[in-house]
């Protein structure tokens, strides 16, 4: 197993929050190689990020057996996904 493979399975939380101090807001998010998380998935306060993109990541993880905490809020419910 390579170092990058082992890093993908280490316990962690993924938190995605909005930009501050003049930075750009997150408008797209895709993590197709993410196979598992040892912690939780928290995506919040990203008003320019389509909710469906956050939900797609959640659904991908749930299909792979993820059972951690998931919180998605403050995203663009009207946004579209490819």
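Listed peptides 37-46, 58-67 appear in the order 37-46, 58-67 once ranked by packing, highest mean of other Cβ atoms within 10 Å at the front.
Quick check: convex hull over the Cα atoms of segment 21-77, volume per residue in Å³, rounded to an integer? Please report the intermediate quantities before stating the final value.
Numbers: hull volume 4.9 nm³, N = 57.
Hull volume normalised by residue count: 86 Å³.
Taken together, the values in this text are just the output of simple stated rules run on the coordinates, not laboratory data. All values reported here derive from a predicted model rather than from experimental measurement. Glycine gets a Cβ as well: all are built from the backbone with ideal geometry, and neighbour counts include every protein chain shown.
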